[in-house]
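The structure appears below as C-alpha coordinates.
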Amino acid sequence: MKVIKEIAAMQDVADYFRCVGKKIGFVPTMGFLHKGHVSLIDKAKEENDVVVVSIFVNPTQFLPGEDFEKYPRDFLKDYFSCEKAGVDYIFHPSVEEMYSAKSRTRVVVSEITDSLEGKARPDHFTGVATVVAKLFNIVKPNIAYFGQKDAQQAVVIRQVSEDLNFDLKVSICPTVREENGLALSSRNSYLSDAEREEAAAIYKGLCEGKKLVINNSVSDSNAVIGKIGETIKANSKNINIEYIEITDNCDLKKIYDLSSYKGDVLISLAAKLGDTRLIDNILFTK
Ligand code: PAF
(Lines give C-alpha, C1' and ligand atoms only; values in the text may rest on other atoms or scores of the structure.)
Protein backbone atom coordinates (compact mmCIF):
# COMPACT_ATOMS: atom_id res chain seq x y z
CA MET A 1 0.00 0.00 0.00
CA LYS A 2 1.29 3.46 -0.90
CA VAL A 3 0.50 6.83 0.65
CA ILE A 4 0.26 9.72 -1.82
CA LYS A 5 0.20 13.32 -0.63
CA GLU A 6 0.43 15.27 -3.89
CA ILE A 7 -2.48 15.84 -6.27
CA ALA A 8 -0.32 15.49 -9.40
CA ALA A 9 1.12 12.15 -8.20
CA MET A 10 -2.37 10.80 -7.46
CA GLN A 11 -3.57 11.91 -10.90
CA ASP A 12 -0.61 10.17 -12.58
CA VAL A 13 -1.40 6.92 -10.79
CA ALA A 14 -5.10 7.24 -11.70
CA ASP A 15 -4.24 7.97 -15.36
CA TYR A 16 -2.02 4.91 -15.49
CA PHE A 17 -4.71 2.54 -14.17
CA ARG A 18 -7.42 4.06 -16.38
CA CYS A 19 -5.06 3.76 -19.36
CA VAL A 20 -4.36 0.04 -18.80
CA GLY A 21 -8.09 -0.61 -18.38
CA LYS A 22 -8.12 -1.22 -14.61
CA LYS A 23 -11.16 -0.17 -12.59
CA ILE A 24 -10.54 2.28 -9.73
CA GLY A 25 -12.78 2.06 -6.65
CA PHE A 26 -12.68 5.11 -4.39
CA VAL A 27 -13.70 5.57 -0.75
CA PRO A 28 -13.51 9.26 0.28
CA THR A 29 -13.20 9.70 4.06
CA MET A 30 -12.19 12.17 6.73
CA GLY A 31 -10.28 9.40 8.51
CA PHE A 32 -10.74 7.93 11.99
CA LEU A 33 -11.95 4.88 10.16
CA HIS A 34 -14.53 2.49 11.62
CA LYS A 35 -16.34 -0.64 10.45
CA GLY A 36 -18.63 1.47 8.27
CA HIS A 37 -15.65 2.68 6.26
CA VAL A 38 -14.25 -0.86 6.11
CA SER A 39 -17.56 -2.08 4.65
CA LEU A 40 -17.18 0.52 1.86
CA ILE A 41 -13.58 -0.60 1.24
CA ASP A 42 -14.71 -4.26 1.11
CA LYS A 43 -17.34 -3.37 -1.50
CA ALA A 44 -14.79 -1.34 -3.48
CA LYS A 45 -12.39 -4.30 -3.43
CA GLU A 46 -15.08 -6.68 -4.65
CA GLU A 47 -16.02 -4.47 -7.60
CA ASN A 48 -12.71 -2.93 -8.76
CA ASP A 49 -9.08 -3.73 -9.57
CA VAL A 50 -7.52 -0.93 -7.50
CA VAL A 51 -8.84 0.70 -4.32
CA VAL A 52 -8.02 4.27 -3.26
CA VAL A 53 -9.06 5.69 0.14
CA SER A 54 -8.73 9.43 0.73
CA ILE A 55 -8.12 10.67 4.25
CA PHE A 56 -8.68 14.42 4.42
CA VAL A 57 -10.48 16.39 7.11
CA ASN A 58 -12.01 18.98 4.83
CA PRO A 59 -12.07 22.40 6.51
CA THR A 60 -14.57 23.92 4.07
CA GLN A 61 -17.42 21.69 5.20
CA PHE A 62 -17.16 22.81 8.84
CA LEU A 63 -18.88 26.02 9.88
CA PRO A 64 -17.15 28.51 12.17
CA GLY A 65 -17.50 27.20 15.74
CA GLU A 66 -17.93 23.57 14.63
CA ASP A 67 -15.54 20.76 15.52
CA PHE A 68 -12.91 21.04 12.73
CA GLU A 69 -10.03 21.40 15.22
CA LYS A 70 -11.16 18.64 17.53
CA TYR A 71 -12.41 16.27 14.79
CA PRO A 72 -10.77 12.91 15.69
CA ARG A 73 -7.60 12.11 13.73
CA ASP A 74 -5.31 9.06 13.96
CA PHE A 75 -3.45 8.56 10.71
CA LEU A 76 -1.33 5.63 11.92
CA LYS A 77 -4.39 3.66 13.06
CA ASP A 78 -6.12 4.48 9.76
CA TYR A 79 -3.02 3.38 7.85
CA PHE A 80 -3.10 -0.07 9.48
CA SER A 81 -6.89 -0.39 9.01
CA CYS A 82 -6.46 0.36 5.29
CA GLU A 83 -3.53 -2.04 4.97
CA LYS A 84 -5.53 -4.81 6.69
CA ALA A 85 -8.53 -4.14 4.44
CA GLY A 86 -6.35 -4.47 1.32
CA VAL A 87 -6.36 -0.84 0.16
CA ASP A 88 -3.84 -0.06 -2.62
CA TYR A 89 -3.42 3.70 -2.19
CA ILE A 90 -4.19 6.22 0.55
CA PHE A 91 -4.54 9.76 -0.77
CA HIS A 92 -3.67 12.00 2.20
CA PRO A 93 -3.15 15.61 1.09
CA SER A 94 -2.57 18.65 3.29
CA VAL A 95 -5.09 21.50 3.41
CA GLU A 96 -2.61 23.67 1.45
CA GLU A 97 -2.33 21.00 -1.26
CA MET A 98 -6.12 20.83 -1.66
CA TYR A 99 -6.88 24.55 -1.36
CA SER A 100 -4.31 26.92 -2.79
CA ALA A 101 -4.50 30.52 -1.58
CA LYS A 102 -5.69 31.42 -5.10
CA SER A 103 -8.63 29.00 -5.19
CA ARG A 104 -11.89 30.78 -5.99
CA THR A 105 -14.28 28.10 -7.22
CA ARG A 106 -16.98 26.43 -5.16
CA VAL A 107 -19.63 23.87 -6.13
CA VAL A 108 -22.99 25.18 -4.92
CA VAL A 109 -25.96 22.80 -5.06
CA SER A 110 -29.39 24.41 -4.88
CA GLU A 111 -32.75 23.30 -3.42
CA ILE A 112 -31.81 19.88 -2.06
CA THR A 113 -29.37 21.60 0.30
CA ASP A 114 -31.97 23.98 1.77
CA SER A 115 -33.51 21.51 4.20
CA LEU A 116 -32.37 19.05 6.89
CA GLU A 117 -28.59 19.30 7.46
CA GLY A 118 -28.32 22.11 4.91
CA LYS A 119 -30.71 24.24 6.98
CA ALA A 120 -28.94 23.42 10.24
CA ARG A 121 -25.46 23.83 8.73
CA PRO A 122 -25.59 26.47 5.95
CA ASP A 123 -22.69 26.13 3.45
CA HIS A 124 -21.81 22.67 4.76
CA PHE A 125 -22.85 21.03 1.48
CA THR A 126 -20.97 23.59 -0.61
CA GLY A 127 -17.85 22.41 1.23
CA VAL A 128 -18.77 18.75 0.71
CA ALA A 129 -19.71 19.16 -2.98
CA THR A 130 -16.54 21.15 -3.69
CA VAL A 131 -14.15 18.71 -2.06
CA VAL A 132 -15.88 15.67 -3.56
CA ALA A 133 -15.75 17.21 -7.06
CA LYS A 134 -12.04 17.93 -6.54
CA LEU A 135 -11.41 14.40 -5.26
CA PHE A 136 -13.25 12.91 -8.25
CA ASN A 137 -10.95 14.91 -10.56
CA ILE A 138 -7.88 13.81 -8.62
CA VAL A 139 -8.61 10.10 -8.08
CA LYS A 140 -10.59 9.61 -11.33
CA PRO A 141 -12.54 6.62 -9.95
CA ASN A 142 -14.86 4.34 -11.88
CA ILE A 143 -16.99 3.84 -8.76
CA ALA A 144 -17.07 6.04 -5.63
CA TYR A 145 -18.54 4.67 -2.40
CA PHE A 146 -20.41 6.60 0.29
CA GLY A 147 -22.48 5.55 3.30
CA GLN A 148 -26.25 5.92 3.59
CA LYS A 149 -25.62 7.23 7.14
CA ASP A 150 -25.18 10.70 5.59
CA ALA A 151 -28.40 10.49 3.60
CA GLN A 152 -28.54 14.08 2.36
CA GLN A 153 -24.84 14.01 1.47
CA ALA A 154 -25.54 10.92 -0.65
CA VAL A 155 -28.36 12.73 -2.50
CA VAL A 156 -26.19 15.83 -3.01
CA ILE A 157 -23.22 13.84 -4.33
CA ARG A 158 -25.40 11.88 -6.76
CA GLN A 159 -26.74 15.22 -8.03
CA VAL A 160 -23.26 16.78 -8.37
CA SER A 161 -21.98 13.75 -10.22
CA GLU A 162 -24.91 13.87 -12.63
CA ASP A 163 -24.92 17.66 -13.10
CA LEU A 164 -21.17 17.91 -13.68
CA ASN A 165 -21.06 14.76 -15.84
CA PHE A 166 -18.46 12.91 -13.82
CA ASP A 167 -17.53 9.72 -15.63
CA LEU A 168 -18.19 7.45 -12.65
CA LYS A 169 -20.85 5.63 -10.69
CA VAL A 170 -21.84 6.74 -7.19
CA SER A 171 -22.57 3.74 -4.97
CA ILE A 172 -24.44 4.33 -1.71
CA CYS A 173 -23.92 1.53 0.82
CA PRO A 174 -25.96 0.59 3.89
CA THR A 175 -25.32 2.18 7.29
CA VAL A 176 -23.30 -0.05 9.62
CA ARG A 177 -24.62 -0.09 13.20
CA GLU A 178 -23.53 -1.15 16.67
CA GLU A 179 -25.47 -4.12 18.05
CA ASN A 180 -27.76 -1.70 19.87
CA GLY A 181 -28.59 0.14 16.63
CA LEU A 182 -26.33 3.18 17.01
CA ALA A 183 -25.08 4.17 13.55
CA LEU A 184 -21.28 4.07 13.35
CA SER A 185 -19.68 7.50 12.98
CA SER A 186 -16.23 8.91 13.68
CA ARG A 187 -17.98 11.45 15.93
CA ASN A 188 -19.23 8.62 18.20
CA SER A 189 -15.77 8.89 19.77
CA TYR A 190 -17.12 12.02 21.51
CA LEU A 191 -19.71 9.88 23.38
CA SER A 192 -19.19 8.27 26.79
CA ASP A 193 -20.10 4.57 27.20
CA ALA A 194 -23.37 5.54 28.89
CA GLU A 195 -24.19 7.95 26.05
CA ARG A 196 -23.48 5.24 23.45
CA GLU A 197 -26.10 3.08 25.15
CA GLU A 198 -28.55 5.95 25.39
CA ALA A 199 -28.02 6.96 21.73
CA ALA A 200 -29.55 3.61 20.71
CA ALA A 201 -32.93 5.31 21.34
CA ILE A 202 -32.51 7.16 18.03
CA TYR A 203 -32.64 4.01 15.91
CA LYS A 204 -35.53 2.66 18.01
CA GLY A 205 -37.44 5.83 17.12
CA LEU A 206 -36.61 5.51 13.41
CA CYS A 207 -37.69 1.84 13.37
CA GLU A 208 -40.98 2.78 15.05
CA GLY A 209 -41.52 5.43 12.36
CA LYS A 210 -40.83 2.93 9.56
CA LYS A 211 -43.26 0.44 11.13
CA LEU A 212 -46.05 3.02 11.29
CA VAL A 213 -45.52 4.06 7.66
CA ILE A 214 -45.21 0.52 6.28
CA ASN A 215 -48.31 -0.66 8.15
CA ASN A 216 -50.23 2.35 6.84
CA SER A 217 -51.38 2.85 10.43
CA VAL A 218 -50.86 6.64 10.44
CA SER A 219 -51.23 8.73 7.29
CA ASP A 220 -50.33 12.18 8.62
CA SER A 221 -46.54 12.43 8.55
CA ASN A 222 -46.54 14.92 11.46
CA ALA A 223 -48.27 12.29 13.61
CA VAL A 224 -45.56 9.75 12.66
CA ILE A 225 -42.89 12.34 13.54
CA GLY A 226 -44.61 12.83 16.92
CA LYS A 227 -44.55 9.07 17.59
CA ILE A 228 -40.86 8.84 16.68
CA GLY A 229 -40.14 11.66 19.13
CA GLU A 230 -42.17 9.90 21.84
CA THR A 231 -40.28 6.63 21.29
CA ILE A 232 -36.94 8.40 21.58
CA LYS A 233 -38.02 10.26 24.73
CA ALA A 234 -39.33 7.00 26.26
CA ASN A 235 -35.89 5.41 25.77
CA SER A 236 -33.65 8.34 26.68
CA LYS A 237 -33.65 11.23 29.13
CA ASN A 238 -30.88 13.27 27.58
CA ILE A 239 -31.45 13.26 23.81
CA ASN A 240 -32.63 16.61 22.46
CA ILE A 241 -34.16 16.26 19.02
CA GLU A 242 -33.24 19.02 16.58
CA TYR A 243 -35.41 17.86 13.70
CA ILE A 244 -37.21 14.79 12.38
CA GLU A 245 -38.40 14.91 8.77
CA ILE A 246 -40.08 12.52 6.39
CA THR A 247 -39.17 13.13 2.74
CA ASP A 248 -38.62 11.40 -0.57
CA ASN A 249 -35.02 10.36 -1.30
CA CYS A 250 -34.49 12.35 -4.49
CA ASP A 251 -35.69 15.94 -4.10
CA LEU A 252 -35.84 15.65 -0.29
CA LYS A 253 -39.35 17.13 -0.41
CA LYS A 254 -41.56 16.66 2.66
CA ILE A 255 -44.20 13.97 2.39
CA TYR A 256 -47.35 15.16 4.15
CA ASP A 257 -49.92 12.48 3.34
CA LEU A 258 -48.33 9.06 3.65
CA SER A 259 -51.45 7.09 2.72
CA SER A 260 -51.38 8.26 -0.91
CA TYR A 261 -47.57 8.19 -1.27
CA LYS A 262 -45.71 5.44 -3.11
CA GLY A 263 -41.92 5.29 -3.48
CA ASP A 264 -38.81 5.70 -1.35
CA VAL A 265 -39.37 7.17 2.10
CA LEU A 266 -36.50 8.75 4.00
CA ILE A 267 -36.92 9.52 7.69
CA SER A 268 -34.02 11.75 8.78
CA LEU A 269 -33.19 13.16 12.15
CA ALA A 270 -30.60 15.17 14.02
CA ALA A 271 -30.31 15.22 17.80
CA LYS A 272 -27.93 16.33 20.50
CA LEU A 273 -26.74 14.10 23.29
CA GLY A 274 -24.65 16.17 25.69
CA ASP A 275 -22.36 18.21 23.43
CA THR A 276 -22.44 15.68 20.60
CA ARG A 277 -24.63 16.22 17.56
CA LEU A 278 -25.81 12.96 15.97
CA ILE A 279 -27.57 12.36 12.67
CA ASP A 280 -29.25 9.20 11.49
CA ASN A 281 -31.92 8.08 9.04
CA ILE A 282 -33.91 5.13 7.80
CA LEU A 283 -34.68 4.58 4.10
CA PHE A 284 -37.31 2.19 2.79
CA THR A 285 -39.78 1.76 -0.03
CA LYS A 286 -43.52 2.12 0.45
O1 PAF B 1 -18.58 11.72 4.61
C2 PAF B 1 -17.43 12.20 4.75
O3 PAF B 1 -16.56 11.63 5.43
C4 PAF B 1 -17.09 13.54 4.09
O5 PAF B 1 -18.19 14.37 4.09
C6 PAF B 1 -16.51 13.37 2.69
C7 PAF B 1 -17.51 12.77 1.73
C8 PAF B 1 -15.26 12.51 2.74
C9 PAF B 1 -16.12 14.75 2.13
O10 PAF B 1 -15.18 15.38 2.95
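The values are calculated or read from the model by the stated rules, or taken from the named source; none is laboratory data. Predicted model only: the values in this text are computed from it and were never measured. Don't worry about glycine lacking a Cβ; one is built from the backbone with ideal geometry, like all the others, and counts go over all protein chains shown. Just so you know, the surface numbers come from the protein's heavy atoms only, side chains and all, with ligands and any DNA or RNA stripped out. Shrake-Rupley method; radii C 1.70, N 1.55, O 1.52, S 1.80 Å.
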For this session: Just the number, please: carbon plus sulfur as a percent of the accessible area of the range 71-129, 1.4 Å probe, no ligands or DNA/RNA counted.
Result: 51 percent
Seminar exercise, completed: Counting only protein heavy atoms with a 1.4 Å probe and every protein chain in place, the carbon and sulfur fraction of the accessible surface of the range 25-65 in whole percent equals 54 percent
Exercise. Using modelled amide H (1.01 Å from N, peptide plane; none on Pro or chain starts), what sits under 5 Å from the amide H of Glu242, excluding residues fewer than 5 places away?
Worked result: Ala270, Ala271, Lys272
For this session: Heads up, I need the accessible area for Asp74: 1.4 angstrom probe, whole protein in place, Å², nearest 10.
Result: 60 Å²
For this session: Would you rank Glu96, Glu179, Glu117 by solvent-accessible area, highest first, keeping every protein chain in place and using a 1.4 Å probe?
Result: Glu179, Glu96, Glu117
Exercise. Once the Cα gyration tensor of the chain is found, what semi-axes does its equivalent ellipsoid get, as square roots of 5 times the eigenvalues, in whole Å, sorted largest first?
Worked result: 33, 21, 18
Exercise. Rg to Rh ratio, the range 48-131, alpha-carbon atoms and Kirkwood radius?
Worked result: 1.03
Problem set entry | For the range 89-131: span of alpha carbons on each principal axis (Å, largest first) | 33, 26, 14
Exercise. Using a 1.4 angstrom probe and counting only protein chains, how large is the accessible area of Phe68 in Å², to 10?
Worked result: 50 Å²
For this session: Report the dimensions of the range 25-169 along its three principal axes from the alpha-carbon atoms, largest first, rounded to Å.
Result: 38, 33, 31
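Determine the gain in length on full extension of the stretch Phe68-Asn238; use 0.36 nm per residue of separation and subtract their C-alpha separation, reporting nm with one decimal. Provide the component values of the computation, followed by the final result.
Working: separation 170, 0.36 × 170 = 61.20 nm, distance 2.46 nm.
Length gained, Phe68 through Asn238: 58.7 nm.
Extension gain Leu168-Asp251, at 0.36 nm per residue separation less the Cα-Cα distance, in nm?
27.8 nm
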Exercise. How compact and how long is the range 118-194, expressed as Rg and Dmax of its alpha-carbon atoms in Å?
Worked result: 14.5, 46
Seminar exercise, completed: the range 139-180 and the range 12-70 have their Cα centres apart by a whole-number Å value of 11 Å
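Where does each of Arg158, Arg187, Arg73 land when they are ordered by accessible area, with a 1.4 Å probe and the largest first? Intermediate values should be presented prior to the final figure.
Details: Arg158 90, Arg187 55, Arg73 115 Å².
Highest to lowest solvent-accessible surface, that is Arg73, Arg158, Arg187.
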Problem set entry | Helix-derived mean residue ellipticity, 222 nm - over the chain, DSSP H n ≥ 4, -39500 (n - 2.57), to 500 | -12000 deg cm²/dmol
Seminar exercise, completed: Measuring from its Cα centre, the range 188-286 shows a charge dipole (+1 at each Lys and Arg Cβ, -1 at each Asp and Glu Cβ) which, in debye to the nearest 20, is 220 debye
For this session: State the extension gain, in nm to one decimal, for the chain segment bounded by Phe80 and Asn216, taking 0.36 nm per residue of separation less the distance between their alpha-carbons.
Result: 44.2 nm
Exercise. Taking the Cα centre of the range 179-286 as the origin and placing charges on Cβ (Lys, Arg +1; Asp, Glu -1), which of Thr276, Gly181, Asn215 is farthest toward the positive end of the dipole?
Worked result: Asn215
Exercise. So what's the angle, to the nearest 10 degrees on a 0 to 90 scale, between helix 7-19 and the longest Cα principal axis of the chain?
Worked result: 90 degrees
Exercise. From a point 7 Å beyond the Cα of Ser192 in the direction of its Cβ, which residues of the range 253-286 have a backbone N at a distance under 17 Å?
Worked result: 272-277
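In Å², what does the accessible area per residue of the range 1-153 work out to with a 1.4 Å probe? Each step should come with its number before you reach the end.
Values: 7280 Å² over 153 residues.
Accessible surface, normalised per residue, equals 48 Å².
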Problem set entry | Pairs of alpha carbons in the range 194-286 whose separation is greater than 23 Å (percent) | 20 percent
Problem set entry | Close Lys-Lys pairs in the range 137-286, where close means Cα under 15 Å and separation is 8 or more or interchain | 15
Exercise. Carbon and sulfur together cover what percent of the accessible area of the range 132-220 at a 1.4 Å probe radius?
Worked result: 44 percent
For this session: Express in Å², to the nearest 10, the accessible area of Leu191 obtained by rolling a 1.4 Å probe over the protein heavy atoms while all chains stay in place.
Result: 10 Å²
For this session: Could you tell me how many degrees, from 0 to 90 and to the nearest 10, lie between the Cα long axis of helix 35-47 and the main elongation axis, the longest principal axis, of the Cα atoms of the chain?
Result: 60 degrees
For this session: Run the dipole for the range 1-92 about the Cα centre, Lys and Arg Cβ at +1, Asp and Glu Cβ at -1, nothing else charged, and hand back the magnitude in debye, nearest 20.
Result: 160 debye
Exercise. Over the range 76-194, what is the mean sequence separation of C-alpha contacts under 8 Å (at least six apart), divided by residue count, expressed as relative contact order in percent?
Worked result: 19 percent
Exercise. How many nm separate the modelled label positions at Asp275 and Val95, each set 7 Å beyond the Cα in the direction of the Cβ?
Worked result: 1.9 nm
Exercise. For the chain, modelled as a GNM with alpha-carbon contacts under 10 angstrom, which of Asn188, Asn137, Asn165 fluctuates the most?
Worked result: Asn165
Exercise. Per residue Cα convex hull volume for the range 93-241, in cubic angstrom?
Worked result: 160 Å³
